[in-house]
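Visitor: Encoded as structure tokens, here's the structure I'll be asking about.
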Amino acid sequence: MIRSEILKEIAPIIRDHLVVCNIGLPSQELHMIDDQPTNFYMLGTMGLSSSIGFGLALAQDKPVISIDGDGSVLTNLGTLPTIANNATGNYTLLIIDNGSYGSTGDQPTYAGRKTSLTAVATACGCENVVEVQDKDLGPVLQAAIDSDQMTIIVCKCDSGNIKLPVITMDPVVIKHRFMQAVAS
Amino acid sequence: MNLDKKICDDLVANDVSFVTTVPCKQLAGVIEEVDQRDEIFHIPSNKEDEGMGLCAGAFMGGRRSAIIMQNTAIGVTINTLATLTQYYRMPLPMIISYRGELREPVACQVEMAVHTKALLNQMNIPTYHFHWQKDIEEFDNILKYTFMCNKPVAILTDANFWGGYGDQ
Ligand SMILES: Cc1ncc(C[n+]2csc(CCOP(=O)(O)OP(=O)(O)O)c2C)c(N)n1
Ligand SMILES: [Mg+2]
């Protein structure tokens, strides 16, 4: 499966939860598949989906899911020790590991070669790291959201993209409606 | 006056309850004070752009956040300031040690010091420079200003403000 197929499959699972979504195609796809006020779309700042979601999870009690990419986690690897050492049960980090920088044309990442993000996350001190194949993600993600333990999911999938438009919503509007959803 | 305590008192008085830090020798005392305060959740970050991501999330979660870092980190965080903090219009007080200024013993620190104000200026980031201890009196107003205008705001605190480096 490719990322857009995965997002289609998990949309019903995440639609009522706070979601911070990675820059580029992941956000564009989620926006097209199931736009929700509970979605925070990153329009820039590659690498910080996990950090933004984690800060949000620490600041309030609702479950938070960061949808991240392998390339973005690699660019902000320092995030994993921070998350591991300040674990909060309402946080789930979903790394869609397609082994490539998808949004920029599927250039290979090191995660698709020798580097295992599952092993990296574990070595960083994360206690609940689950590596899962794309088709098996749904139940694993649901269990992670339901559990009161923080979970890091590394979802292995194929690289590949669909054609779709950019998000034209203003960033302040994205933030405003997201904050209202957080507070409601 | 105990500057570390005064900074934390003002943060708490302005409802700042989420602080991320990356250390600098000049900031050791205030970081320790932040860590000890019950009213403040202190989360050390590994890189300052990561810290700004944490602060953005905490802010959207309803908590006022702040970052404590060295001025060299301006070189690390320009993209994050532009595409996250400023683009989404989020407030962020940045308490910054201004290394490489008067009374600096380490020559390399001057190399980023000479770019610090120019970069902040280029980014249209309101910037305050604390050189004398009494400048701390402005801190409370700067925090109020930051949360009024929803912008990142820089407070540069130099070695003279912190009382120099003793015998070094
Ligand atoms: C600092 C910076 N460098 C490069 C880019 C370009 N860029 C945007 S998205 C992206 C790929 C992200 O890859 P990944 O996190 O694996 O997500 P995927 O698209 O594969 O799901 C890159 C390189 C950027 N936005 N910012
Ligand atoms: Mg990828």
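Throughout, read-outs are computed from the coordinates displayed, never taken from laboratory work. Being a predicted model, the structure only gives us computed values, none of them experimental. Here the Cβ is made from the backbone with ideal geometry for all residues, glycine too, and neighbour counts use every protein chain on show.
Visitor: So for the pair residue A:115, residue B:132, with labels modelled 7 Å out along Cα→Cβ, what separation do we get in nm?
Guide: Label at residue A:115, label at residue B:132, 5.0 nm between them.
Visitor: Let me ask something additional. Can you list the lysines whose alpha carbon is less than 25 Å from that of residue A:8, not counting same-chain residues fewer than 8 positions off?
Guide: A:62, A:135, A:156, A:163, A:175
Visitor: If you don't mind, another one. Give a residue-ordered list of calculated ³J(HN,Hα) values for segment A:151-163 (Karplus: 6.51 cos²θ - 1.76 cosθ + 1.60, θ = phi - 60°; whole Hz; x for Gly, Pro).
Guide: With the stated coefficients, segment A:151-163 comes to 10, 10, 10, 9, 9, 7, 8, 7, 8, x, 9, 9, 7 Hz.
Visitor: Please work out the Cα center distance from segment B:67-114 to segment B:149-164, rounded to the nearest Å.
Guide: 10 Å
Visitor: Give me, ordered by chain and number, the residues 5 or more places off residue B:21 or on other chains with an amide H under 5 Å from its own placed amide H.
Guide: Placed amide hydrogens put B:43, B:45, B:68 under 5 Å from residue B:21.
Visitor: Return the calculated 222 nm mean residue ellipticity for chain A, to the nearest 500 deg cm²/dmol, obtained by summing -39500 (n - 2.57) across DSSP H runs with n ≥ 4 and dividing by the residue count.
Guide: Rounded to the nearest 500, it is -12000 deg cm²/dmol.
Visitor: If I take every Cα pair under 8 Å that is 6 or more residues apart in chain A, average their sequence separation and divide by the length, what percent do I get for the relative contact order?
Guide: 26 percent
Visitor: Here is a further query. For a quick check: sort A:74, B:156 by the number of other beta carbons within 10 angstrom, fewest at the front.
Guide: Details: A:74 17, B:156 23.
Starting with the residue having the fewest Cβ neighbours, the order is A:74, B:156.
Visitor: Within 10 Å of each Cβ in peptide B:123-133, how many partner chain Cβ atoms are there on average? Round it to a whole number, please.
Guide: 0
Visitor: When A:145, B:68 are ordered from fewest to most other Cβ atoms inside 10 Å of their Cβ, what list results?
Guide: Neighbour counts put them in this order, fewest first: A:145, B:68.
Visitor: For every helix of n ≥ 4 consecutive DSSP H residues, a contribution of -39,500 (n - 2.57) applies; sum these over chain B, divide by its total residues, and give [θ] at 222 nm rounded to the nearest 500 deg cm²/dmol.
Guide: -12500 deg cm²/dmol
Visitor: Now a separate question. Place a label point 7 angstrom from the Cα of residue A:123 along the Cα-to-Cβ direction, then list the residues of segment A:56-79 whose backbone nitrogen is under 11 Å away.
Guide: none
Visitor: Would you list B:136, B:67 from fewest to most Cβ contacts within 10 Å?
Guide: B:136, B:67
Visitor: Turning to a different aspect of this structure: Who wins for biggest fluctuation among A:66, A:100, A:50 in a Gaussian network model of chain A, springs between alpha carbons below 10 Å?
Guide: A:100
Visitor: Over the whole of B:43-51, what's the average partner chain Cβ count within 10 Å per residue? Rounded to a whole number, please.
Guide: Mean inter-chain Cβ contacts per residue within 10 Å come to 6.
Visitor: If amide hydrogens are placed 1.01 Å from N in the peptide plane, which non-local residues have theirs closer than 5 Å to the one on residue B:128?
Guide: B:154, B:155, B:156
Visitor: Here's another thing I want to ask about it. What does DSSP give for the protein assembly as shown in terms of the percent of beta bridges that are antiparallel, rounded to the nearest 5? If you can, show how the numbers build up before the last one.
Guide: Numbers: 2 of 50 bridges.
Percent antiparallel among DSSP bridges in the protein assembly as shown is about 5.
Visitor: Rounded, prolate or oblate: which fits segment A:20-120 when a ≥ b ≥ c are the square roots of the eigenvalues of the alpha-carbon gyration tensor, with rounded for a/c under 1.5 and prolate only if a/b beats b/c? The partial results should precede the final answer.
Guide: On the way: a/c = 2.19, a/b = 1.14, b/c = 1.92.
Cα axes put segment A:20-120 in the oblate bin.
Visitor: Moving on to the next point. Can you pull the Rg over Rh of segment A:3-183, Cα-only, Kirkwood?
Guide: We get a ratio of 0.92 for segment A:3-183.
Visitor: Under a plain spin-label model, where a point goes 7 Å from the Cα along Cα-to-Cβ, how far apart in nm are residue B:141 and residue B:107?
Guide: 4.0 nm
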